[in-house]
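The values are calculated or read from the model by the stated rules, or taken from the named source; none is laboratory data. Bear in mind the structure is a predicted one, so any value in this text is a computation, not a measurement. Methodologically, a virtual Cβ is constructed for each residue, glycine included, from the backbone with ideal geometry; neighbour enumeration extends over all protein chains shown. These area figures cover heavy atoms from the full protein model, side chains too; ligands, DNA and RNA do not enter into them. Shrake-Rupley method; radii C 1.70, N 1.55, O 1.52, S 1.80 Å.
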Amino acid sequence: MQADTGQTLKPAIRPELPMPLWEFVGMIAAMMALNALAIDTMLPALHDIAQSYTLEAANDQQLVIFAYVLGFGAPQLVFGPISDSVGRKKIVLGCIAFYTITGFACMAATSFSMLLIIRFLQGIAASGIRVIAVSVVRDLMGGRAMARLMSLVMTVFMVVPILAPSLGQGIMLFAPWQWTFGVLGIAGILMMVWITLRLPETLPAEDRPPLNLGGSFRAYKQVLTTRVTFGYMCASGVIFGALFSYVASSEQVFRDVFDKADTFVLWFAGIAGALSVANFMNSRIVERIGMRRVSHTVLLGFIVLAGVNTIAMIQFGEHLVIFYPLFALTFACFGLIGANFSALAMEPLGKIAGTGSAAYGFMTTTVASFFGWMVASRFDGSVVPILEGYVGLGLGCLAIVLVTEKGRLFGSRDDPEYEA
């Protein structure tokens, strides 16, 4: 594959922001957090949902997560070109409105199948929100500046996975499990008001290509034939499978393996906290060290940590005091991989940021959820099969990065003078 352009990449495109930095970071994080809220809030309710619908197989409760993620993935491929042609704001407001409606609709589901269908539709709505969130950032900046801002966004964003399970558990103290979905509708209403009042259109009319199948095909062809973009999209699609498998199986792991059902939200929050700290660390070092050096080093660390944890569980037994610190460090690696892989993939794309964001989102959701399901479905009352899956995903990701970088790791080719 060859890059679509030989133009020199710049560290930033349009560095001005339409609002104070703190508000912009908060708004983008909140847009992305609607997705995390739709996944994490109902984690404490999964066991109750399974009992309410009398599910026969324990692992079927994971479908509440995977049905949503399945809907979240492929529609991004449609939302990307549309947002490149008609602008960002109208699309995101429409998607949030649909997200709000489906949140309340989940509360009225009379069967597990109906719940899964509505969750699938909610994932479609969230997919458009995610595409616009990343596209807005890319409209305004690129390169290491984008990686730094996305790290700040992810630092704030990770507050949601920390708090969402506690929110869900708190709701269940006073209301039935259906309200873990109702809170999504409330969040959607608040987000619509904020965006309507404060977010201008970030894609100028003169930068919008016409919306047609030929133009969309050419845009996706550009994405798929840009070596760096396609390579880091694929690498992200593999490594994010570990994240999805953890989210889907976490309640079972802490309940069935470590007998911590009552304090699950605290253990889950600890992992999310480690991710948040790592994202903040990335925002402080990436502009100085570089996206490749940081992400490649940490990817190796992810593989080693998952491998050590696997060996420890086999040799010493499944003890939380051993498992949890190693597991938290393993997932902290995502804070130093995700934002950098995303920025590396998006950097060469410029005016087709919506299309690029859509393709990247598809890889990190639909493809990643497939790998995540493969790992999570291996849960058999032991954490060993899941940890083995993480090692495999890490090695697969490393292989793709090596192909993308032509065998060279830790390079400085993300410097402003580097040509795609």
Excluding near-sequence neighbours (fewer than 8 apart on one chain), the chain holds lysine pairs with C-alpha atoms under 28 Å apart numbering 11
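What does the extension gain come out to for Leu17 and Thr297, with contour length at 0.36 nm per residue minus their alpha carbon separation? Could you put the intermediate results ahead of the total?
Values: separation 280, 0.36 × 280 = 100.80 nm, distance 3.16 nm.
Residue separation times 0.36 nm, minus the Cα-Cα distance, leaves 97.6 nm.
Subtracting the Cα-Cα distance from 0.36 nm times the residue separation, let me have the gained length for Glu206 to Leu55 in nm, one decimal. Don't skip to the answer; put the middle values down first.
Numbers: separation 151, 0.36 × 151 = 54.36 nm, distance 5.35 nm.
Net length gain for the segment: 49.0 nm.
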Given unit charges at Cβ for Lys, Arg (+) and Asp, Glu (-), the dipole magnitude of the chain about its Cα centre in debye, nearest 20, is 1020 debye
Under the rule rounded for a/c under 1.5, else prolate if a/b exceeds b/c, else oblate, using alpha carbon gyration tensor axes a ≥ b ≥ c, the range 201-282 is classed as prolate
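Which whole-number value in Å³ per residue fits the convex hull of the alpha carbons of the range 158-302?
Details: hull volume 29.5 nm³, N = 145.
It is 203 Å³ per residue.
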Result for the range 217-285: accessible area per residue, probe 1.4 angstrom, in square angstrom, of 36 Å²
From DSSP H assignment alone, runs of 4+ in the chain each adding -39500 (n - 2.57), the sum over residues rounded to the nearest 500 puts [θ] at 222 nm at -24000 deg cm²/dmol
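Under the classification rounded if a/c is under 1.5, otherwise prolate if a/b is larger than b/c and oblate if not, where does the chain fall, given a ≥ b ≥ c as square roots of the Cα gyration tensor eigenvalues? The partial results should precede the final answer.
On the way: a/c = 1.77, a/b = 1.22, b/c = 1.46.
The shape class here is oblate.
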Given all pairs of distinct Cα atoms, the range 287-374 yields a Kirkwood Rh in Å of 15.0 Å
A chain fully extended from Thr263 to Val159 at 0.36 nm per residue, minus the present Cα-Cα distance, gains in nm 35.6 nm
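For a test of the definition: using alpha carbon positions, the gyration tensor, and the 1.5 limit on a/c, classify the range 37-176 as rounded, prolate or oblate. Can you show the working numbers first?
On the way: a/c = 2.43, a/b = 1.66, b/c = 1.46.
In terms of gyration-tensor shape, prolate.
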Among Tyr324, Met114, Ile189, the residue whose Cα sits farthest towards the positive end of the charge dipole of the chain, when +1 is placed on the Cβ of each Lys and Arg and -1 on the Cβ of each Asp and Glu, is Ile189
Taking Cα atoms only, Rg over Rh for the range 216-339 with Rh from the Kirkwood formula is 1.05
